[in-house]
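These notes concern the structure reproduced below.
Nothing in this text is a laboratory measurement; each read-out follows from the coordinates by a stated rule. Here the structure is a predicted model, which means the values were calculated and not measured. Every residue, glycine among them, receives a Cβ derived from its backbone with ideal geometry; neighbour counts consider all protein chains shown.
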Amino acid sequence: MAATNDGHATRHQQWYDPDLEQVNPQIRHLLEKYSQVPSGDVVKHVNAIRARGFASNPYPCIGYYRFLNLTLLTHPLYASILSRLKQNPSAVYVDLGCCFGQDLRQLVLDGVSSAQLIGVDIEGPLMELGYELFLDRQSLASRFVVADIFLGNAQGEPWTELVATGADVVHCSAFFHLFPLAQQIQAATVIAGIVRKGGVIVGRQSGSVKPAEVPAIKPGSTSFRHDVSTLVEMWERVGAETGTKWKVEGSLDEVGINTAKKNAVEDENSRRLLFTITREE
Ligand SMILES: C[S@@+](CC[C@H](N)C(=O)[O-])C[C@H]1O[C@@H](n2cnc3c(N)ncnc32)[C@H](O)[C@@H]1O
């Protein structure tokens with residue numbers, strides 16, 4: 001993965017949990033009902049895919065098994081996103097930085113046509129591994145687009161095609177927090193270009209009660225952790241630069257934050273930042 005794969009194998013082990021012995025009920029349900037993985041094979045299957053994904057792309061979200069958390073399913077807007085996509089067959093969902101594409105598969109299990117769903121990631125091999133995790137290479141009609149958000153229209157198709165189509169729902173979890181603030185603004189400006197009026201950007205990321213640049217997983221780099229007020233400011237800047245207007249709603253909580261035992265990517269100020277950013281104009 002461009003942001004992490006710097007050859008520091010030993011350091012990466014800091015964010016590699018031991019193999020799981022059980023998985024959460026939501027991902028078990030998805031793997032059993034959608035992928036038809038036999039109940040007794042689920043844990044072994046997940047551990048094997050995690051090891052392969054981490055070997056090529058050592059992200060904490062893979063090493064710590066965060067891809068097993070179906071973020072979108074727990075987002076307060078999930079029910080409304082689901083009915084928006086189900087009621088309007090021309091509504092489009094884009095999962096930006098989708099990695100294995102777990103949230104996209106949950107939407108399919110919940111009745112959305114897979115043709116309405118698009119996954120975007122800079123790493124084609126992770127999206128490929130998603131087919132192996134969910135065993136749906138033959139059945140899934142969703143498109144997976146390899147694109148670098150920072151290149152935007154400069155990379156031509158298929159990004160320009162996404163801009164032309166537009167999206168009603170963009171899911172963007174554990175993505176912005178990879179980058180320093182200046183790059184987050186750049187990425188958000190590009191993402192703004194694909195959101196239809198009235199559309200939403202939803203997700204979660206690492207936030208902080210003390211918003212600041214913190215050391216990022218790539219040595220020498222930083223990433224910015226927002227609270228709600230800095231997120232509002234960022235989208236005001238994006239709006240000003242793109243001639244659009246955004247309503248930002250968010251909350252900080254401790255869901256999924258390991259307060260008892262600090263780890264390699266969290267500190268005492270860390271919180272989960274859950275957000276909904278609506279394009280008003
Ligand atoms: C931390 S993972 C989060 C994956 C997933 N959204 C989740 O919540 O489990 C971040 C993802 O963003 C992708 N990514 C990183 N830089 C990117 C870029 N410049 N353009 C597009 N995707 C990028 C990575 O390859 C990775 O799959």
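Rounded to the nearest Hz, the phi-derived 3J(HN,Hα) couplings of the stretch 97-106 under the Karplus curve 6.51 cos²θ - 1.76 cosθ + 1.60 (θ = phi - 60°) are x, 6, 6, 7, x, 5, 5, 4, 5, 4, where x marks glycine and proline.
Roughly how far apart, in whole Å, are the Cα centres of the stretch 209-281 and the stretch 121-184? Distance between centres, Cα-based: 20 Å.
Measuring against 31 Å, Cα to Cα, the residue pairs Lys210/Lys245; Lys33/Lys197; Lys210/Lys247; Lys86/Lys210; Lys44/Lys210 contain Lys33/Lys197; Lys86/Lys210; Lys44/Lys210 as the ones spanning a longer distance. The 3J(HN,Hα) values that the Karplus relation (6.51, -1.76, 1.60; θ = phi - 60°) gives for the stretch 218-229 are, in residue order, 8, x, x, 9, 10, 9, 9, 9, 8, 10, 5, 5 Hz. Gly and Pro appear as x.
Relative contact order for the chain: 15 percent, from Cα pairs under 8 Å spaced at least 6 residues apart, divided by residue count. As a calculated quantity, the FRET efficiency between Ser90 and Glu268 at R0 = 41 Å, using C-beta atoms, amounts to about 0.30. At 10 °C and 1.306 mPa s, grab the translational diffusion coefficient of the chain from Stokes-Einstein with a Kirkwood Rh over Cα pairs, rounded to a whole number in µm² per second. D, rounded to a whole number, is 83 µm²/s. Each of Ala115 and Glu132 was given a label point 7 Å from its Cα along the Cα-to-Cβ line. The distance between the two points is 3.0 nm. Binning the C-alpha pair distances of the stretch 37-114 at 5 Å intervals from 0 yields a P(r) profile of 3, 13, 21, 21, 16, 13, 9, 3, 0 %, listed from the shortest bin outward.
Applying 0.36 nm per residue to the separation of Lys44 and Gln14 and subtracting their alpha-carbon distance, the gain on full extension is 8.6 nm. Residue-wise HN-Hα couplings along the stretch 267-281, as the Karplus relation 6.51 cos²θ - 1.76 cosθ + 1.60 with θ = phi - 60° gives them from phi, are 9, 5, 8, 5, 9, 7, 9, 9, 9, 9, 10, 9, 7, 8, 9 Hz; Gly and Pro carry x. Spin-label model, Glu254/Glu157: points 7 Å from Cα along the beta carbon direction are separated by 5.2 nm.
Volume per residue of the convex hull around the Cα atoms, evaluated for the stretch 145-281, comes out as 110 Å³. Under 5 Å between amide hydrogens, built in the peptide plane, is the criterion, and for Phe144 it picks out Gly119 among residues at least 5 positions away or on other chains. Here is how the number arises for the chain: DSSP H runs of 4 or more residues each give -39500 (n - 2.57), the sum is divided by the residue count, and the result at 222 nm is -9500 deg cm²/dmol.
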